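The values are calculated or read from the model by the stated rules, or taken from the named source; none is laboratory data. Predicted, not measured: the structure shown is a model, and the values here were computed from it. Every residue, glycine among them, receives a Cβ derived from its backbone with ideal geometry; neighbour counts consider all protein chains shown. Just the protein is used for accessible areas: all its heavy atoms, side chains included, with ligands, DNA and RNA removed. Shrake-Rupley method; radii C 1.70, N 1.55, O 1.52, S 1.80 Å.
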Amino acid sequence: MPELHKKRLVLGLTGGIACYKSAELLRRLGDHGATVDVVMTDAATHFITPVTMQALSGRPVHTDAWDNRQPNNMPHINLSRGADAIVIAPASADFMARLVQGRADDLLATLCLARTCPLILAPAMNREMWDNPATQRNVRQLREDGVIIIGPGSGHQACGETGDGRMLEPAEILAEIIAFFQPKVLQGKRVLLTAGPTSEPIDPVRVISNRSSGKTGYALARAAFEAGADVTLVSGPTALAAPYGVERISVHTALEMHQAVMSRTGEADIFIAVAAVADWRVANPAEHKIKKTDNGRGVPVLEFIPNPDILASVAALPDGPWCVGFAAETEKLVQHAEEKRQRKGIDLLVGNLAQDVMDGDDTRLSLFDAAGCHHLPAADKLSAARRLIGEIARRAPQRHHSA
Ligand code: C5P
């Protein structure tokens with residue numbers, strides 16, 4: 001099912017060069033199943049034409065408060081009724097100032113004033129305009145009025161200057177809109193996760209690792225962000241992009257992962273260990289590449305020592321976060337998973353059969369906690385992750401660590 005299936009959005013464009021990105025945003029919203037009505041201010045039509053937006057949305061574009069195409073001649077009322085959200089991208093400094101004042105001097109401003117749905121703004125302007133106290137005052141006031149402001153990003157600007165004020169990229173705005181529609185079951189919580197494999201050096205060019213794509217851990221990090229959490233993902237090497245809105249800390253070895261996690265547990269309410277951590281590392285990795293002839297037989301003999309158990313270390317902390325572990329088993333899932341939960345002393349253990357999930361996009365999870373075992377239906381990894389975040393939110397205690 002597309003992420004924005006059955007969602008009706010109004011996409012508003014105000015004057016700014018970032019309008020060219022709104023065409024791509026509109027395309028992506030449509031690809032994700034949304035029905036989008038586009039409304040443009042007069043200034044926006046100087047940057048991109050309504051014809052482009054009409055072709056991409058497949059619907060008439062609205063630019064005029066006096067447009068009499070609607071039977072009752074009231075586009076400023078009709079367009080927001082039944083809409084799930086109004087998204088203004090780009091939102092100019094002038095438009096935000098007009099919103100703060102509650103003005104109704106063009107169709108888009110009137111529509112926002114008369115709306116019955118949430119309003120999301122993606123500001124775009126020159127960095128000095130963004131930093132100006134008047135704009136900052138307006139942003140604060142809009143937030144206080146319940147308007148959701150996403151971005152702006154920072155970087156190179158069309159005017160040649162560099163700083164804050166760039167509109168978020170279309171993919172980032174899309175991620176924010178999809179997240180907006182997810183229940184905020186972890187609002188205000190801080191979630192720390194591990195994901196991916198670890199990679200233990202044998203010598204400077206060879207490693208021992210586990211087979212793990214990182215997909216389940218990354219999907220959980222994304223789902224936690226969508227649920228309103230502040231998310232830190234400590235990740236071993238994977239081919240995946242960091243999920244939008246998530247702070248990723250990249251590590252290689254289990255020792256690096258252990259250190260990265262232990263230094264952040266004080267700031268976490270919930271710890272979710274998804275990483276496939278190597279159980280052993282080579283005791284003395286060679287300083288230089290081992291030659292095939294080094295020991296006269298062409299086959300090195302490796303000595304291993306155990307890696308720290310990151311999950312068990314966090315679970316043993318006196319005032320540590322609420323802990324969730326994973327167990328990928330190849331047989332006797334229920335027995336092994338429950339044993340592991342008790343041995344590691346954790347609150348919730350999520351089990352799956354390794355052969356069901358390895359490299360794939362689908363998963364079938366089972367939950368083990370003090371109340372027993374509970375099987376979740378098979379699903380794609382993102383849907384399963386969202387479901388699991390809901391289960392975690394229901395179980396995790398309502399406490400916060402002080403920052
Ligand atoms: O003992 P086993 O590796 O099967 O346990 C799996 C769970 O423990 C996973 O949640 C995994 O991320 C975590 N783990 C860990 N540190 C290790 C080994 C496993 O955090 N050294």
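Compute the length gained on full extension between M1 and L255: take 0.36 nm times their separation in residues and subtract their Cα-Cα distance, giving the result in nm to one decimal.
That pair, M1 and L255, stretches by 87.4 nm at full extension.
How big is Rg to Rh over the chain, alpha-carbon atoms, Rh as the Kirkwood inverse-mean-distance radius?
Ratio of gyration radius to Kirkwood radius for the chain: 1.07.
About the Cα centre of the chain, how large is the charge dipole given +1 on each Lys and Arg Cβ and -1 on each Asp and Glu Cβ? Please answer in debye to the nearest 20.
Working: 43 positive and 46 negative charges, 97 e Å.
The calculation lands at about 460 debye.
Which lysines have a Cα less than 27 Å from the Cα of K344, not counting those fewer than 8 places away in the same chain?
Straight-line reach from K344, under 27 Å: K189, K215, K332, K381.
Counting each DSSP H run of 4 or more residues in the chain as -39500 (n - 2.57), what helix-only mean residue ellipticity at 222 nm follows after dividing by all residues, to the nearest 500 deg cm²/dmol?
-9000 deg cm²/dmol
For segment 149-157, what does the Karplus curve 6.51 cos²θ - 1.76 cosθ + 1.60, with θ = phi - 60°, yield as ³J(HN,Hα) per residue in whole Hz, taken in order and with x for Gly and Pro?
My calculation for segment 149-157 gives 10, 10, x, x, x, 10, x, 5, 10 Hz in order.
May I have the convex hull volume per residue, in Å³, for the Cα set of segment 115-188?
121
Name the shape class, rounded, prolate or oblate, that the alpha-carbon gyration tensor gives for segment 190-394, where a ≥ b ≥ c are the square roots of its eigenvalues, rounded holds for a/c under 1.5, and otherwise prolate holds if a/b is larger than b/c and oblate otherwise.
On the way: a/c = 1.78, a/b = 1.64, b/c = 1.08.
It comes out prolate by the Cα gyration axes.
Arrange the peptides 177-188, 369-380 so that the one whose residues have, on average, the most other Cβ atoms within 10 Å appears first.
Numbers: 177-188: 17.1, 369-380: 12.5.
Packing order, densest peptide first, comes out as 177-188, 369-380.
Can you report the principal axis dimensions of segment 149-224 using only the alpha carbons, biggest first, rounded to whole angstrom?
So the extents along the principal axes, rounded to whole Å, are 50, 38, 20.
Is there a quick way to get the dipole size of segment 1-117? I mean about its Cα centre, with the Cβ of Lys and Arg at +1 and of Asp and Glu at -1; what is the value in debye to the nearest 20?
Here the size comes out at about 320 debye.
Report, for segment 81-229, the % of DSSP beta bridges that are antiparallel, rounded to 5.
Bridges in segment 81-229 that DSSP calls antiparallel: roughly 55 percent.
Just the number, please: percent antiparallel of the DSSP beta bridges in segment 8-181, rounded to the nearest 5.
Of those bridges, close to 20 percent are antiparallel.
Non-local amide H neighbours of I249 (under 5 Å, H modeled in plane, Pro and chain starts lacking H): which ones?
Here the answer is L233, V234, S235, since their amide H atoms fall under 5 Å of that of I249.
Averaged per residue, what accessible area in Å² does segment 190-394 show with a 1.4 Å probe, protein chains only?
With all protein chains present, segment 190-394 gives 48 Å² per residue.
For segment 33-108, what is the per residue volume of the convex hull drawn over the alpha-carbon atoms, in cubic angstrom?
110
How do 254-265, 333-344 rank on mean C-beta neighbours within 10 Å, highest first?
Details: 254-265: 18.5, 333-344: 16.7.
So the peptides 254-265, 333-344, ranked by packing, come out 254-265, 333-344.
Using packing as a proxy for protection, rank 63-76, 315-328 so that the peptide with the highest average count of other Cβ atoms within 10 Å comes first. Spell out each step's value before the answer.
Values: 63-76: 13.8, 315-328: 18.8.
By packing density, highest mean first, the sequence is 315-328, 63-76.
Based on the alpha carbon coordinates of segment 8-181, what radius of gyration and maximum Cα-Cα distance (Dmax) apply, in Å?
Calculated on Cα positions, Rg and Dmax stand at 14.9, 47 Å.
What percentage of the solvent-accessible surface of the chain, computed with a 1.4 Å probe over protein heavy atoms, is contributed by carbon and sulfur atoms?
Carbon and sulfur atoms account for 51 percent of the accessible area of the chain.
Cα-based Rg (one decimal) and Dmax (whole number) for segment 99-255, in Å?
Over segment 99-255's Cα set, Rg and Dmax evaluate to 20.3, 69 Å.
Where both partners of a DSSP beta bridge lie in the chain, what percent of those bridges are antiparallel, to the nearest 5?
Within the chain, antiparallel bridges account for around 30 percent of the total.
Once the Cβ-Cβ distance between V299 and V334 is put in as r, and R0 is 30 Å, what FRET efficiency do you end up with, to the nearest 0.05?
0.15
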